[in-house]
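**Student:** Take a look at the following structure, please.
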Amino acid sequence: MPDFWQFPTVSMGLGPLMAIYQARFLKYLHARGLADTEDRKVWVFCGDGEMDEPESLGAISLAGREKLDNLIFVVNCNLQRLDGPVRGNGKIIQELERNFRGAGWNVLKVIWGSQWDELLARDTTGRLRQLMEECVDGEYQVFKSRDGAFIRKHFFGRYPETAALVEDWSDEKIWRLTRGGHDPSKVYAAYAAATQHKDQPTCILAKTVKGYGMGQAGEGQMLAHQSKKMDVDALRQFRDRFKVPVADDQLADLPFIRFEKGSPEDEYLHKMRRNLGGYLPSRRRKSSVTLEAPPLALFESQLKGSDGREISTTMAFVRILTALMRDKALGRHIVPIVPDESRTFGMEGMFRQFGIFSQVGQLYRPEDADQLMFYKEDKSGQMLQEGINEAGAMASWIAAATSYSTSDVPMVPFYIFYSMFGFQRIGDLAWAAGDERCRGFLLGGTSGRTTLNGEGLQHEDGHSHLISATVPNCVSYDPTFNYEVAVIVQNGMRRMLTDQEDVFFYLTLLNENYEHPPMPDGVEADIIKGMYLFRAAPEGAPGHRVQLMGSGAILREVIAAADLLRDDWGVAADIWSVTSFTELARDAHDAERWNLLHPTETPRVPFVTRKIAGRGEGPVIASTDYMKLYADQVRPSVPNRYSVLGTDGFGRSDYRRTLRYFFEVDRHFVTIASLKALADENKIPSIKIAEAIAKYGIDPDKANPARS
C-alpha cells in the first residue's frame, strides 16, 4: 500500500527507535535550511510490553541529549502482554518513569480518571495514595477483571480509611472508576501539555485496561489479546455501558453507527478530516522536487584507473562521495552517516570540510584542533556521527532515506559500516527500510570473508549479499574496481533522484589496496545488469577454453588464475567481472516468470544465459568471497557446466593469502577447479588435476573450511 503506510514499523521496538531518529532528522533539516520543521511533531504510540524490546529504550538518551522537543511518546500502560502481566510483581509505570526521567525526558503520568478526583480530594490521611503505591500491577489487572464488589473488598477494604471513602458508594459506581488513559479530558490535557513543552522530549505514560469495554468477554483478562469476537450478551453489556444507540434486535448485525447528518458531531468530524487533508492517511509517493543525477563524468578520475597507484575501493568511494558533496546542485542533499568508523574508512578529511551535525555546535576545543583535519562539530554540520550504534545509524539512515516522502525534501544518505555489522546486525531494520520505500546507499566496508585480515570470525563477512537479496527493493553489488563503484553510484542516483524509483543500493567495499585499470569501453550497462566481459580469451588460441566469473575481492585471484591456466596448462579463459549475482538471478527469475505466463510468445532469455552462451562452450567457474549460495543463485541459468567456489564457514585471523588458501578460493583453487571441470567433460585426463594439486602445494587432506 504505497499510498497509505508512511511508517511501517515491521517489528516491536523498531517504531520507537526510528521515531527518535526521525525527530532528530527533522531538526537536521531545519538547522541546515533545507525545510521548515519548527512546528512539526513526531508521535509514537506503543505499549508497555513493547518497552522490553531493547530498541524501544536503547536510544532515549539521545532524544534527551539532543533536546528533541518535537518528539512525544505515548506509552499505553495496560499492564499486560500476551502471556501475562508486564510487571506483575512491580509497577511498570514507575519503572518507565525512572528510565525516561533519567534520560532527560519530560514525563507525564495519566494514571487515574476524573472519577478518582473526588476520592483523592477526600483522602486527608494519605492512606489512599499509600494504597495506590502498595498495589502491584498484577493486582491492578485482577481488580479490573472482576467487579465493583471485588474492588470494594480487596482494594478499598485493606484499610479502614479507604473503606470509609466508598462506604456510601454502590458497587456499580466503584466499577465505573476508570484509569487515566480512558478519560478523554485527562488524555487531552496530557497531549496539550506535551505539545507545548520545550527543550525536552515528552513521554506520556497512560494507564489503561487491556480489553477495555469487553467486560466478562475479556476485560483485564489474560485471554484479552486472543479474544477475536464478543457474543451477543457481551455486546449488550458493552452497549449499555457506553450508551451506544443500537436496538436489541440489531446487536448481532453489528451495525455501523453514524452521527445524524448535519449534527454538530457530524460537522465537527468532517471539518477535522478536511483540515487533516482527507479521510485516510496519505503517503507522498513522489517528491515535488526532482533532482538530476550527476553525469558519470563527475567521477572521471575513477573511470581512468589509478595510474599505477594502489588504492582500495573504499578510498575510491570516499572520493566519489566527496565529489558529490562538493557538487553545487546536489551537495547539500547528500548525508554521510558513520557509526564511529570515519577514520577507518579514510573519511576524517570531511570533519573540517563539512562538519558533524550538533544542535549545540562545539562547546569545546578539540584535542586535534591544531591539525588540518580536526574534529569539528557544527550546528549546520552535514555528517551524522552516530557513535558505536549500528541500529541507531540505520534508523538515522531510514529517516534521511524517507525525507523525500515525509518532508518533500529528497536526500541521499550514504551509510558506511563494517559489512559484518550491517544486514546481519540490523536485518529487521533493513526490511523496514524496504517497507518504507527508502532511497539511499548502504556501504558494507571491509567486506568479504578474506579481506579483513587479523580480525577473525567477528568481522569477516561472507554472507551479507545473501541477506540483502531477501529485501526485494534492495539492489546489491560487489564491485572490484573503482570505475565499477562510480558507475553503480551514478546509476543509483539516477534511479532514486531523477526517476524517483523506490529502491536502495547496497555496495560492498574493500580495504585491500591494488592498482585499478581504466574502464573498458562500453561496459557501463553491463556493470549495472550484473556482469561484463573484463578480459576475453585470445581469439584462435589453441587448447581448451573455460569461462571464469569473479566478484569483489576474489576477481583479482580469478585474473591471476587465468594467467596460470594459460601459462601452466595451455587453457584459455574468458574473465567475467560479476558485479551482482543477485541482480543476475533476479533478471533470470523475471524471464522465467514471463515465459510461464506467456507460453505462446517467444521465450525470454536471461542476461547471464545470453552472455555465457555468446562465448561458446567450455565450463564456467564462479569464485567469490561469499558463501557458495551467493554465486549458486544463477546456476539454473548458466547453460554450460557450472562450478562454484566460495567461503563457507567461520572467518579466521590470518593473512589474506592464507585465508584464501584456507577457504579454497585463491588462484590455485580456481585453477584446479577449472581443470576438474574440463576433466569432468573428458577434455583432459584427471591426472592433470593431481599434477596441479602437487605443483601448487595444496594439501588434499586439509581441513574443510565449511566444517572446521
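**Student:** Among the residues of segment 285-322, count how many are in contact with a Gly (Cβ under 7 Å, 6 or more places away or on another chain) and of a type in the set (S, T, N, Q).
**Tutor:** In the first step, residues of segment 285-322 are kept if they are in contact with a Gly (Cβ under 7 Å, 6 or more places away or on another chain); the result is 314-315, 318.
Those still in the list that are of a type in the set (S, T, N, Q) too: 314.
Count: 1.
**Student:** Let me ask something additional. Could you give every pair whose Cβ atoms fall below 9 Å, whose first residue belongs to segment 42-61 and is open to solvent by 50 Å² or more (accessible area, probe 1.4 Å), and whose second residue is among the hydroxyl-bearing types (Ser, Thr, Tyr) and in a loop (DSSP other than H, G, I, E, B), counting only separations of at least 6 or pairs across chains?
**Tutor:** Sorted first by the residue in segment 42-61, then by its partner, the pairs are Glu53/Ser11; Glu55/Ser11.
**Student:** Anything in segment 182-223 that is assigned to a strand (DSSP E or B) and of a type outside the set (Lys, Arg)? List them, or say none. I'd like the intermediate steps shown before the answer.
**Tutor:** Filtering segment 182-223 down to residues assigned to a strand (DSSP E or B) leaves 202-207.
Result: Thr202, Cys203, Ile204, Leu205, Ala206.
**Student:** Got at least one residue in segment 680-694 being open to solvent by less than 70 Å² (accessible area, probe 1.4 Å) and closer than 17 Å to Gly550 by Cβ?
**Tutor:** No; the residues of segment 680-694 include none that is open to solvent by less than 70 Å² (accessible area, probe 1.4 Å) and closer than 17 Å to Gly550 by Cβ.
**Student:** Assess whether Pro255 counts as being more than 30 Å from Phe441 (Cα to Cα) and open to solvent by less than 80 Å² (accessible area, probe 1.4 Å).
**Tutor:** Values: more than 30 Å from Phe441 (Cα to Cα): yes; open to solvent by less than 80 Å² (accessible area, probe 1.4 Å): yes.
Spelling it out, Pro255 is indeed more than 30 Å from Phe441 (Cα to Cα) and open to solvent by less than 80 Å² (accessible area, probe 1.4 Å).
**Student:** On to the next question. Of everything in segment 260-287 that's among the charged types (D, E, K, R) and not in a helix (DSSP H, G or I), which residue is least open to solvent (accessible area, probe 1.4 Å)?
**Tutor:** We begin by selecting, within segment 260-287, every residue among the charged types (D, E, K, R); these are 260-261, 265-267, 271, 273-274, 283-286.
Now narrow it down to the ones that are not in a helix (DSSP H, G or I): 260-261, 283-286.
Values: Glu260: 143, Lys261: 180, Arg283: 11, Arg284: 89, Arg285: 99, Lys286: 112 Å².
For segment 260-287, the residue satisfying everything is Arg283.
**Student:** Here is a check on your reading of the model: is Glu134 under 21 Å from Arg158 (Cβ atoms), open to solvent by 40 Å² or more (accessible area, probe 1.4 Å) and not β-branched (Val, Ile, Thr)? Don't jump to the end; show me each part of the working.
**Tutor:** Working: under 21 Å from Arg158 (Cβ atoms): yes; open to solvent by 40 Å² or more (accessible area, probe 1.4 Å): yes; not β-branched (Val, Ile, Thr): yes.
Here the answer is yes, as Glu134 does meet what is asked.
**Student:** For segment 517-558, which positions are aliphatic (A, V, I, L, M), in a helix (DSSP H, G or I) and open to solvent by 30 Å² or more (accessible area, probe 1.4 Å)?
**Tutor:** From segment 517-558, those aliphatic (A, V, I, L, M) are 519, 523, 525, 527-528, 531, 533, 536-537, 541, 546, 548-549, 553-555, 558; that's our starting set.
From what's left, in a helix (DSSP H, G or I): 525, 527-528, 553-555, 558.
Ala525, Ile528 - these are the residues of segment 517-558 that are aliphatic (A, V, I, L, M), in a helix (DSSP H, G or I) and open to solvent by 30 Å² or more (accessible area, probe 1.4 Å).
**Student:** If I ask for residues that are assigned to a helix (DSSP H, G or I) and in contact (Cβ under 8 Å) with a residue 60 or more places away in the chain, which ones from segment 166-181 would you list?
**Tutor:** Initial filter on segment 166-181 (assigned to a helix (DSSP H, G or I)): 171-175, 180-181.
Selection gives Gly180, Gly181.
**Student:** On to the next question. Can you tell me which residue within segment 565-612, out of those that are among the small types (Gly, Ala, Ser) and part of a strand (DSSP E or B), is farthest from Lys676 (Cα to Cα)? Show your work before the answer.
**Tutor:** Of all residues in segment 565-612, those among the small types (Gly, Ala, Ser) come to 570, 572-573, 577, 580, 585, 588, 591.
Within this subset, residues satisfying the condition of being part of a strand (DSSP E or B) are 572-573, 577.
On the way: Ala572: 15, Ala573: 14, Ser577: 22 Å.
Taking the candidates together, the pick is Ser577.
**Student:** Looking at segment 477-507 only, could you name the residues that are touching a Leu at 6+ places or on another chain (Cβ under 8 Å) and farther than 21 Å from Lys304 by Cα?
**Tutor:** Result: Leu497, Thr498, Phe504, Phe505, Tyr506.
**Student:** For segment 629-650, give me each residue that is open to solvent by 30 Å² or more (accessible area, probe 1.4 Å), within 19 Å of Arg707 (Cα to Cα) and assigned to a loop (DSSP other than H, G, I, E, B).
**Tutor:** Passing the criteria: Asp648, Phe650.
**Student:** Within the group Thr290, Thr322, which residue is in contact with a helix residue (DSSP H, G or I) (Cβ under 8 Å, 6 or more places away or on another chain), among the hydroxyl-bearing types (Ser, Thr, Tyr), open to solvent by 10 Å² or more (accessible area, probe 1.4 Å) and outside any helix (DSSP H, G or I)?
**Tutor:** Working: Thr322 fails: outside any helix (DSSP H, G or I).
Among Thr290, Thr322, only Thr290 is in contact with a helix residue (DSSP H, G or I) (Cβ under 8 Å, 6 or more places away or on another chain), among the hydroxyl-bearing types (Ser, Thr, Tyr), open to solvent by 10 Å² or more (accessible area, probe 1.4 Å) and outside any helix (DSSP H, G or I).
**Student:** Next question, about the same structure. Within segment 613-628, can you find the residues that are more than 23 Å from Ile467 (Cα to Cα) and part of a loop (DSSP other than H, G, I, E, B)?
**Tutor:** If the condition is that a residue be more than 23 Å from Ile467 (Cα to Cα) and part of a loop (DSSP other than H, G, I, E, B), then Gly614, Arg615, Gly616, Glu617, Gly618, Pro619 are the ones that fit.
**Student:** Out of the residues in segment 403-438 that are out of contact with any Gly (no Cβ under 9 Å at 6 or more places or on another chain) and assigned to a loop (DSSP other than H, G, I, E, B), which is most open to solvent (accessible area, probe 1.4 Å)?
**Tutor:** Arg437
**Student:** Out of everything in segment 665-708 that is within 27 Å of Ala553 (Cα to Cα), in a helix (DSSP H, G or I) and of a type in the set (Lys, Arg), what residue ends up being farthest from the chain's Cα centre (by Cα)?
**Tutor:** Lys695
**Student:** So, one more: Given (1) of a type in the set (Ser, Thr, Tyr); (2) under 25 Å from the mean Cα position of the chain (by Cα); (3) part of a loop (DSSP other than H, G, I, E, B), where does Thr480 come up short, assuming only one miss?
**Tutor:** (2)
**Student:** In addition: Which ones in segment 339-360 are at positive phi and either at pLDDT below 90 or in a helix (DSSP H, G or I) (or both)? It would help to see each step written out before you state the result.
**Tutor:** Here is the first cut: in segment 339-360, the residues at positive phi are 340, 346, 355.
Result: Asp340, Gly346.
**Student:** Among the residues in segment 246-259, are any touching an Asp or Glu at 6+ places or on another chain (Cβ under 7 Å), more than 28 Å from Asp502 (Cβ to Cβ) and either part of a loop (DSSP other than H, G, I, E, B) or of a type in the set (S, T, N, Q) (or both)?
**Tutor:** So far as segment 246-259 goes, yes, one or more of its residues are touching an Asp or Glu at 6+ places or on another chain (Cβ under 7 Å), more than 28 Å from Asp502 (Cβ to Cβ) and either part of a loop (DSSP other than H, G, I, E, B) or of a type in the set (S, T, N, Q) (or both).
**Student:** Of everything in segment 447-460 that's within 23 Å of the chain's Cα centre (by Cα) and at pLDDT 90 or above, which residue is surrounded by the most Cβ atoms within 10 Å (Cβ to Cβ)?
**Tutor:** Among residues in segment 447-460 that are within 23 Å of the chain's Cα centre (by Cα) and at pLDDT 90 or above, the one surrounded by the most Cβ atoms within 10 Å (Cβ to Cβ) is Gly448.
**Student:** Moving on to the next point. Does any residue in segment 372-387 that is more than 16 Å from Ile334 (Cα to Cα) come within less than 9 Å, Cβ to Cβ, of a residue that is aromatic (Phe, Trp, Tyr) and in a loop (DSSP other than H, G, I, E, B) six or more places away or on a different chain, and which pairs are these?
**Tutor:** Final answer for the pair search is Glu377/Tyr364.
**Student:** Kindly indicate whether any position in segment 490-505 is over 30 Å from Val409 (Cα atoms) and among the hydrophobic types (A, V, I, L, M, F, W, C). Outline the logic, then answer.
**Tutor:** Residues of segment 490-505 that are over 30 Å from Val409 (Cα atoms), as a first pass: none.
No.
**Student:** Give me the residue from segment 137-160 that is modelled with pLDDT of 95 or more and of a type in the set (D, E, K, R) and, out of that set, most open to solvent (accessible area, probe 1.4 Å).
**Tutor:** Result: Lys153.
**Student:** Given Gly33, Gly15, which one is out of contact with any His (no Cβ under 7 Å at 6 or more places or on another chain), surrounded by fewer than 17 Cβ atoms within 10 Å (Cβ to Cβ) and of a type in the set (Gly, Ala, Ser)? Full working, then the answer.
**Tutor:** Numbers: Gly15 fails: surrounded by fewer than 17 Cβ atoms within 10 Å (Cβ to Cβ).
After ruling out the rest, the residue left standing is Gly33.
**Student:** Hey, another quick one. When residues of segment 165-184 are filtered for being more than 34 Å from the chain's Cα centre (by Cα) and open to solvent by less than 70 Å² (accessible area, probe 1.4 Å), how many remain?
**Tutor:** Going residue by residue through segment 165-184, those that are more than 34 Å from the chain's Cα centre (by Cα) are 165-180, 182-184.
Applying the additional criterion that residues be open to solvent by less than 70 Å² (accessible area, probe 1.4 Å) yields 165-166, 169-171, 174-175, 177-180, 182-183.
Looking only at that region, the number is 13.
**Student:** Determine which single condition Thr313 fails, assuming it passes every other condition in (1) surrounded by fewer than 19 Cβ atoms within 10 Å (Cβ to Cβ); (2) in contact with an Asp or Glu (Cβ under 9 Å, 6 or more places away or on another chain).
**Tutor:** Failing condition for Thr313: (1).
The values are calculated or read from the model by the stated rules, or taken from the named source; none is laboratory data. A quick note: this is a predicted structure, and the numbers were derived from the prediction, not measured. Please note: Cβ atoms are built from the backbone with ideal geometry, for glycine as well, and neighbour counts cover all protein chains shown. Keep in mind that these areas ignore ligands, DNA and RNA; they rest on the heavy atoms of the full protein, side chains included. Shrake-Rupley method; radii C 1.70, N 1.55, O 1.52, S 1.80 Å.
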